[in-house]
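See below for the structure under consideration.
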Amino acid sequence: MIIVIKPGVTENTSAPVFEYIASKGADFEVTKMPHGDIICVDDGNMALDAAFLEGLDAVSSVMRVTEPYKLAGRKFHPEASVIDVAGKRFGGGEFQIIAGPCTVESGEQINSLASAVKSSGAGLLRGGAYKPRTSPYDFQGLRSGGLRLLSEAKALTGLPTVSEVMLPEHIPLFDDVDLLQVGARNMQNFELLKALSRTDKPILLKRGFGNTVRELLTAAEYIMAGGNKNVILCERGIRSFETSTRNTLDLSAVPVIHKLSHLPVIVDPSHAAGYGAYVEPLALAAVAAGADGLIIEVHAEPGKALCDGGQSVSPDVLAGIVKKANAIRQIIL
Ligand code: PEP
Ligand code: MN
């Protein structure tokens, strides 16, 4: 952190600045300048409060020179991380497609979709059991029963599974789930992030629809700071003034995250688009932008889906996306 002191301040006025730095145990160096001294502070632990310092009489301005995501950032970890989810690898040149229904509806539904996902060539099966729905009157998911059916579909196909966890108390129920999803609405549920940080499960952290990339990376930092380094990030669209799609897919987040972080980033074109017809073009654009994977909602009969039918694609469309995504990867690799 760099603290610029106002020109001509007395030692008495600047004393609270040095007392505050000392109280945080941070090392510092002062450079005397004619238009105000400059204090360089080694604030590796992010202990200093810039706003507090800016409020002190002696201080002209404060600049942070390090980002608040030391573990998730590329600065101290320049090589890309590869995250292994039950043998399926994401990042550092490894690419995976996750597909399945928004929510598990019945044994028959998840088993037949799981087989379709497998024959499409996608590598992992998604299926929500605990659903964060905007309305309390909407289908809330089959909950623990849904997780049991997802396990059966996993046993049937051998596909590793992905499902959303919403409460720290539910984590033990997800023992057989291979990749635990933190949904957009929970990206800043810090108690959930801290609880997940104490597990060794790979985590799929989705970007909140009102959150910046920086906030996504500091949310990832919560999981990593607690000891769990297995984090995959997901861009799934953000709120904008545009209403013709459910969200606005921020594809620039892919190269931006790759610049700032070593963690893999995948794209969810389904929740971004909100309409099945837009899923394929967005998915292929995401691959071209360098995404480390995709997560796509699929349903055999979208009109009958209990959740997110309108944005689900058919198994046939999924198979086409997998084929084209692999072809694009050959070009960009
Ligand atoms: C989902 O994956 O079904 C979901 C609810 O996603 P998001 O949190 O991105 O809205
Ligand atoms: Mn959904």
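The values are calculated or read from the model by the stated rules, or taken from the named source; none is laboratory data. Just so it is clear, the model here is predicted, and its values are computed rather than measured. No Cβ is skipped: glycine too gets one built from the backbone with ideal geometry, and neighbour counts run over all protein chains shown. Heavy atoms of the whole protein, side chains included, go into the accessibility calculation; ligands, DNA and RNA do not. Shrake-Rupley method; radii C 1.70, N 1.55, O 1.52, S 1.80 Å.
Solvent-accessible area per residue for segment 167-319 at a 1.4 Å probe radius, Å²?
Value returned for segment 167-319: 38 Å² of accessible area per residue.
Considering the dipole of the chain built from charges on the beta carbon (Lys and Arg +1, Asp and Glu -1) around the Cα centre, which of Gly208, Thr31, Phe139 is farthest to its positive end?
In the chain, that residue is Phe139.
May I ask for the distance between the Cα centers of segment 78-152 and segment 1-64, given as a whole number of Å?
A separation of 50 Å, based on Cα centres.
DSSP loop chymotrypsin sites (Phe, Trp or Tyr not before Pro) in segment 224-325 with at most 11 other Cβ atoms within 10 Å of their Cβ, which ones?
When the chymotrypsin sites (Phe, Trp or Tyr not before Pro) of segment 224-325 are filtered for loop state and at most 11 Cβ neighbours within 10 Å, Phe241 remain.
Size of the dipole of segment 223-333 about the Cα centre, Lys and Arg at +1 and Asp and Glu at -1 on the beta carbon, nothing else charged, in debye to 20?
Result for segment 223-333 is approximately 260 debye, rounded to the nearest 20.
Give the relative contact order (percent, whole number) for segment 56-136; include only Cα pairs under 8 Å separated by 6+ residues.
Over segment 56-136, the number comes to 22 percent.
On alpha carbon coordinates alone, what is the Rg over Rh value for the chain, Rh being the Kirkwood radius?
Ratio value, two decimals: 1.08.
Which ³J(HN,Hα) values, rounded to whole Hz and listed in residue order, are derived for segment 94-99 from phi using the Karplus coefficients 6.51, -1.76 and 1.60 in 6.51 cos²θ - 1.76 cosθ + 1.60 with θ = phi - 60°, glycine and proline given as x?
Each residue of segment 94-99 in turn: 9, 10, 9, 10, 9, 8 Hz.
Mind listing the long-range amide H neighbours of Ser61? Cut-off is under 5 Å, sequence gap 5 or more, other chains count too, H placed in the peptide plane at 1.01 Å from N.
Distant-sequence amide H within range of Ser61: Val4.
Could you go through segment 171-186 in sequence order and give the Karplus-derived ³J(HN,Hα) for each residue, using 6.51 cos²θ - 1.76 cosθ + 1.60 with θ = phi - 60°, rounded to whole Hz, and x for Gly and Pro?
The phi angles translate into 3, x, 5, 9, 3, 8, 8, 8, 9, 8, 8, 9, x, 3, 5, 10 Hz.
Considering only DSSP states other than H, G, I, E and B, which GluC sites (Glu not before Pro) in segment 68-141 qualify as loop sites with at most 16 other Cβ atoms within 10 Å?
Those satisfying the criteria are Glu79.
What is the dipole size for the chain, taken about its Cα centre, with +1 at each Lys and Arg Cβ and -1 at each Asp and Glu Cβ, in debye to the nearest 20?
I would put it at about 720 debye.
Over the chain, what is the relative contact order in percent, taking alpha-carbon pairs closer than 8 angstrom and at least six residues apart?
It rounds to 15 percent for the chain.
So, R0 is 45 Å and r is the distance between the beta-carbons of Asp175 and Ala26; what FRET efficiency does that work out to, to 0.05?
0.60
Give me, ordered by chain and number, the residues 5 or more places off Val313 or on other chains with an amide H under 5 Å from its own placed amide H.
Sorted by chain and number, the residues that satisfy this are Glu297, Val298, His299.
With all protein chains present, how much of the accessible area of the chain (probe radius 1.4 Å) comes from carbon and sulfur, to the nearest whole percent?
Carbon-and-sulfur percentage of accessible area, whole number: 54.
Between Ala155 and Ala47, take the C-beta separation as r, use R0 = 35 Å, and let me know the FRET efficiency to the nearest 0.05.
The computed FRET efficiency comes out at 0.10.
With charges only on Cβ, +1 for K and R and -1 for D and E, what is the dipole size of segment 67-161 about its Cα centre, in debye, rounded to 20?
200
How large is ³J(HN,Hα), in whole Hz, for each residue of segment 291-306 in order, when computed from phi with the Karplus curve 6.51 cos²θ - 1.76 cosθ + 1.60 and θ = phi - 60°, using x for Gly and Pro?
Couplings: 4, 8, x, 9, 10, 10, 8, 10, 8, 6, 10, x, x, 9, 4, 7 Hz.
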